[in-house]
Amino acid sequence: MRILIVEDEVPVARQIAAALTEDGHDPKVVHSGEAALDEMSKKPFDLFVLDVRLPGIDGFELLRRLRTQHLASRVLLLTARSAVDDRVSGLQLGADDYLPKPFAMRELIARVRALGRRYPEEPVLSLRVADLTLDLSAHDVHRGVQKIELSPRELMLLKVLMREPGRVFTRTELCERVWEHEHEYDTKLVEVFIGRLRKKLGEPPLIHTIRHVGYTIQGLEATVPTPRKGHRQRRP
Ligand code: CA
């Protein structure tokens with residue numbers, strides 16, 4: 001990933017850059033918000049490692065500008081351990097994750113890897129499960145030749161399921177993914193939306209309930225997984 005490290009403490013910045021390079025990334029280091037803006041105007045970055053406390057244009061201001069310009073970039077904030085407010089503001093402004101200082105380099109690497117996984121590099125244009133297709137650019141859904149009208153939320157839920165056919169999602173997981181930015185959500189909502197989706201998708205059913213675990217979408221030809229030993233036994 002192309003990574004921009006914005007950190008005014010030179011030795012810390014250097015260490016981060018060394019660790020990320022070793023992990024196979026292509027990091028660039030700047031020591032001020034102004035320099036970061038300059039770099040951002042030159043080329044796109046996949047990920048920003050952003051210190052919150054910077055002289056001049058600080059991390060929050062950078063994050064604010066980033067979110068209006070580079071929607072696809074991920075942002076990992078570096079915050080002070082005690083500064084809960086910083087983390088909350090950062091997440092509200094659209095940071096993807098934060099790391100309280102001081103941190104171990106291997107922790108930083110783990111966070112960066114996780115953020116890399118969250119967005120696959122190759123854009124997928126459509127998803128398919130059996131005769132069901134979801135076009136990600138047009139946002140429309142077809143079962144065979146039949147077009148299916150879905151609400152934005154139903155579409156989001158279907159997208160989560162279809163990205164990983166056969167994977168069993170708990171209700172909590174689905175809730176977090178589909179209602180992620182809302183403070184109050186209820187796992188019962190998932191049940192309601194799954195019910196609506198099933199109705200709209202028609203027969204034969206593609207969304208299956210895995211007792212005591214959750215839901216999965218699965219093609220007709222595949223066998224529906226049963227909870228294995230060692231599978232997290234959370235109630236769906
Ligand atoms: Ca700083």
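Which one of the conditions (1) modelled with pLDDT of 90 or more; (2) in contact with a His (Cβ under 9 Å, 6 or more places away or on another chain); (3) open to solvent by 20 Å² or more (accessible area, probe 1.4 Å) does PRO152 fail to meet, given that it meets all the rest? The number of the failed condition is (1). How about segment 123-139: which of its residues are part of a strand (DSSP E or B) and open to solvent by 40 Å² or more (accessible area, probe 1.4 Å)? The answer is SER126, ARG128, ASP135.
If you go through segment 16-37 and keep only what is among the polar types (S, T, N, Q) and at pLDDT below 95, you end up with just THR21. None of VAL192, VAL160, VAL168 is β-branched (Val, Ile, Thr), open to solvent by 60 Å² or more (accessible area, probe 1.4 Å) and within 24 Å of the chain's Cα centre (by Cα) except VAL192. On inspection, ILE109 passes the criterion of being among the hydrophobic types (A, V, I, L, M, F, W, C) and more than 16 Å from the ligand (Cβ to nearest atom). Set side by side, the residues LEU78, LEU63, LEU54 differ, and just one is surrounded by 20 or more Cβ atoms within 10 Å (Cβ to Cβ), of a type outside the set (Ser, Thr, Tyr) and more than 12 Å from the ligand (Cβ to nearest atom), which is LEU63. Residues of segment 12-24 that are away from the ligand (no atom under 12 Å from the Cβ), assigned to a helix (DSSP H, G or I) and surrounded by fewer than 18 Cβ atoms within 10 Å (Cβ to Cβ): ARG14, GLN15, ALA18, ALA19, THR21, GLU22.
Taken over segment 54-70, residues that are over 17 Å from VAL10 (Cβ atoms) and either touching a residue at least 40 places away in the same chain (Cβ under 8 Å) or of a type in the set (Val, Ile, Thr) (or both) amount to 3. Taken over segment 26-51, the residue count meeting the criterion of being crowded, with 21+ Cβ neighbours inside 10 Å and either away from the ligand (no atom under 16 Å from the Cβ) or of a type in the set (Gly, Ala, Ser) (or both) is 5.
Could you please let me know if ALA72 is part of a loop (DSSP other than H, G, I, E, B), away from the ligand (no atom under 14 Å from the Cβ) and under 24 Å from the mean Cα position of the chain (by Cα)? Yes; evaluated as a whole, the condition is true for this residue.
The values are calculated or read from the model by the stated rules, or taken from the named source; none is laboratory data. Just so you know, these numbers come straight off a predicted model, no measurement behind them. FYI the Cβ positions are ideal-geometry reconstructions off the backbone, even for glycines, and counts take in every protein chain you see. When the accessible area is computed, the model is the full protein with side chains, heavy atoms only, and any ligands, DNA or RNA have been set aside. Shrake-Rupley method; radii C 1.70, N 1.55, O 1.52, S 1.80 Å.
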